[in-house]
Amino acid sequence: MKTNHAKERMLAGRPALGAAVGLGSPVAAELYSQQGWDFVLIDGQHGNWSLDTTTAAIRSVLAGTAAPMVRVQKNDFFAIGSLLDRGALGVVVPMVHTRQEAEAAAFAARFPPIGGRSQGGFGTAILGVAEYERWANEQVFLAIQIESERAVEHAEDLLSTPGVDGCWIGPADLAASLGVDLGTDSGRRRHEEAIMHVLEACRRTAKAPGIAGGTRGERWLEKGFLFVTCAGDIPALRDTGTQTLAALQRYR
Amino acid sequence: MRNNAAKQRLMAGKPAIGVVACAGSPLVAEMLSLIGYDFVIVDNQHGAWDENASMVAFHQIVLGAATPMARVRQNDFYAIGRLLDRGALGIVVPMVNSPQEAEAAAFAAHYPPCGGRSAGAFGAALHGAGDYMAWVEDQVYLAVQIETAEGLERADEILSVPGVDGCWIGPIDLAKSLGLDLTSQSGRQRHEAAIMRVLEACRRAGKVPGIFGGADPGYWLDKGFLFVTTAPELDILGDTMRTMLAGIRAGRAW
């Protein structure tokens, strides 16, 4: 039986380190899982994933030690259910701005009596669980994305929604929503204040604070974030490709 | 690290029971692994598989207990290498009629110095082997199909080729090639005699006797075959559902 080790870690107050995959390659997702990351986040919002390749990627992640998680394309009851039906152990929901939206995400991700998720998980036999419905209600990790000024203001209200396990801040969208210029000191300060405000809201509601760490994951881990993506296939390819080519410039 | 448990069983003289997956569905292949088959053959000769779905299937099969294997579409160096690169741990090669053909299959399935397989197994990380190229040499299982009159005639030579682990007899093609009528008793007798000749050749060569068991794999297991498959999953699905449907309709007039 698989267990969601990433969620276990976070519930124990220990950070879970994740890698985001967007290229649409189950093999890339598998590599991260084999390397020992705690979770692999398959980016169904912006990434190049179909439902079929998502299914394959979830399986490839399960072949290693990471928990397969998916960012759903949008906060949609059927979209969230179909990802969980494919064996995902975590769902990240983008652009959650209101309590009602947080409740809708939780309703989609949890079976009754907690929520309204529909049964029919044809792809969950792989998890080796006799009573999948009850098990999934405990194991599935649900993170809402707090990435707007409005959501930051109501962070405590959103995070206190039953069935929501934590958040995954989207720093870039948040900066855009705040209208701050990250090229200036004052912009960066306001940005970080908003992020730290969400961290405090997580602590007050006993939910897991998370953030898209990009290349600065360590900085947020230092601050106390627990659900942090620190790597990704697209940035890895971009950065190593750029650096390798730069180092070879003298031969050109 | 996931070792080839089916091969380990066979090498210890214990039978391994497999199934041919034809439907082209990685989810179905995964289910076959979860329910306890020792190996699943992703059939690239006759099944509805493309290369990418085959890869996905291998990766899903390892989530259960079964060893991911493939029947290659033809005895081709590159085709065999590509299936192994995608994570297969066993290869079944159709229509092997001569020791030269068996040598070509073994050359394709093994890295130097045993063979000539080309490095680049990008899809094999799932096995969690630190040094995949060294590890896989002991893990890969290679079965040649003996299923023609010519292959039967040369069974001893074919099976003695180094790198060939055993055979997987194709009884239907073998009957056709021998011109046998399986609806007659004499045809069935000659068919079984031919199959038993191959079993004896396996024993002489110290190789694993295998056969497509179809509807009666137990019969061949009792004869001493070790690498035995049930009917393909699509046949089982069709038979089961046909029986169920007939049961629903039986005695009900509309």
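Any read-out appearing in this document is the output of simple, stated calculations on the displayed coordinates, not a laboratory observation. Here the structure is a predicted model, which means the values were calculated and not measured. Every residue, glycine as well, gets a Cβ built from its backbone with ideal geometry; the counts of neighbours run over all protein chains shown.
Counting only Cα atoms, the size of the range A:1-133 along its three principal axes is 37, 33, 33 Å, in decreasing order. Debye sum, Cα scatterers, the range B:66-122, no solvent: what log₁₀ I/I(0) at q = 0.29 1/Å? For the range B:66-122, the Cα-only Debye profile gives -1.25. Neighbour counts of other Cβ atoms within 10 Å put B:Met55, A:Met69 in the fewest-to-most order B:Met55, A:Met69.
Among A:Leu83, A:Leu178, A:Leu62, the largest mean-square fluctuation in a Gaussian network model of chain A, built with springs joining Cα atoms closer than 10 Å, belongs to A:Leu178. Each residue of the range B:7-21 was assigned a 3J(HN,Hα) from its phi angle through the Karplus curve 6.51 cos²θ - 1.76 cosθ + 1.60 (θ = phi - 60°); the sequence is 5, 4, 4, 4, 5, 8, x, 9, x, 10, 9, x, 9, 8, 9 Hz, with glycine and proline shown as x.
Among the chymotrypsin sites (Phe, Trp or Tyr not before Pro) in the range A:104-188, those placed in a DSSP loop whose Cβ has at most 15 other Cβ atoms within 10 Å are A:Phe122.
For B:Leu142, the residues 5 or more places off, or on other chains, whose built amide H falls under 5 Å of its own are B:Ile91, B:Asp165, B:Gly166. Potential lengthening of the chain between A:Gln100 and A:Thr184 amounts to 26.8 nm, from the contour at 0.36 nm per residue minus the alpha-carbon distance.
Quick one: net charge around B:Pro99, please, counting Lys, Arg +1 and Asp, Glu -1 for every other residue with C-beta under 10 Å from its C-beta.
Taking every Cβ under 10 Å from that of B:Pro99, the sum is -3.
At q = 0.09, 0.13, 0.14 Å⁻¹, what is the log10 ratio I(q)/I(0) for chain A, with the Debye formula run over Cα points and no solvent? The calculated log intensity ratios at q = 0.09, 0.13, 0.14 Å⁻¹ are -0.37, -0.76, -0.88.
Using every pair of distinct Cα positions in the range B:1-58, the Kirkwood expression returns a hydrodynamic radius of 12.0 angstrom. What FRET efficiency, computed as 1/(1 + (r/R0)^6) with R0 = 60 Å and r the Cβ-Cβ distance, is obtained for B:Thr243 and A:Ala172, rounded to the nearest 0.05? It comes out at approximately 0.55. Counting Lys and Arg as +1 and Asp and Glu as -1 over every other residue whose Cβ lies under 15 Å from the Cβ of B:Phe122, the net charge comes to -1. Counts of other chain beta carbons within 10 angstrom of each beta carbon in peptide A:18-27 average 2. Do you know the relative contact order of chain A, to the nearest whole percent, from alpha carbon pairs under 8 angstrom that are 6+ apart? Taking the mean separation of contacting Cα pairs over the length of chain A, I get 18 percent. In this structure, the amide hydrogen of B:Thr67, modeled 1.01 Å from its nitrogen in the peptide plane, lies closer than 5 angstrom to those of B:Ala6, B:Phe39, B:Val40, counting only residues at least 5 positions away or on a different chain. What does the charge add up to near A:Ile114, with Lys and Arg as +1, Asp and Glu as -1, over the other residues with Cβ less than 14 Å from its Cβ? After counting each charged neighbour, the total is -1. Computed over chain A with a Gaussian network model linking Cα atoms closer than 10 Å, the most mobile of A:Ala236, A:Ala105, A:Ala28 is A:Ala236. Rounded to the nearest Hz, the phi-derived 3J(HN,Hα) couplings of the range B:154-170 under the Karplus curve 6.51 cos²θ - 1.76 cosθ + 1.60 (θ = phi - 60°) are 9, 4, 4, 5, 4, 6, 7, 5, x, x, 8, 8, x, 10, 9, 5, x, where x marks glycine and proline. Label separation (A:Leu237 vs A:Glu222): 3.1 nm, computed from points 7 Å beyond Cα along the C-beta direction.
Per the Debye calculation on chain B with a single equal scatterer at every Cα and no solvent contribution, log₁₀ I(q)/I(0) for q = 0.13, 0.15 Å⁻¹ amounts to -0.77, -1.01.
Between B:Leu180, B:Leu142, B:Leu237, the residue with the greatest mean-square fluctuation in the GNM of chain B (Cα pairs under 10 Å linked by springs) is B:Leu237.
Per-residue 3J(HN,Hα) values for the range B:184-201, derived from phi via the Karplus relation 6.51 cos²θ - 1.76 cosθ + 1.60 with θ = phi - 60°, read 9, 5, 5, x, 5, 5, 5, 4, 5, 4, 5, 4, 5, 4, 5, 4, 5, 4 Hz in sequence order (x marks Gly and Pro).
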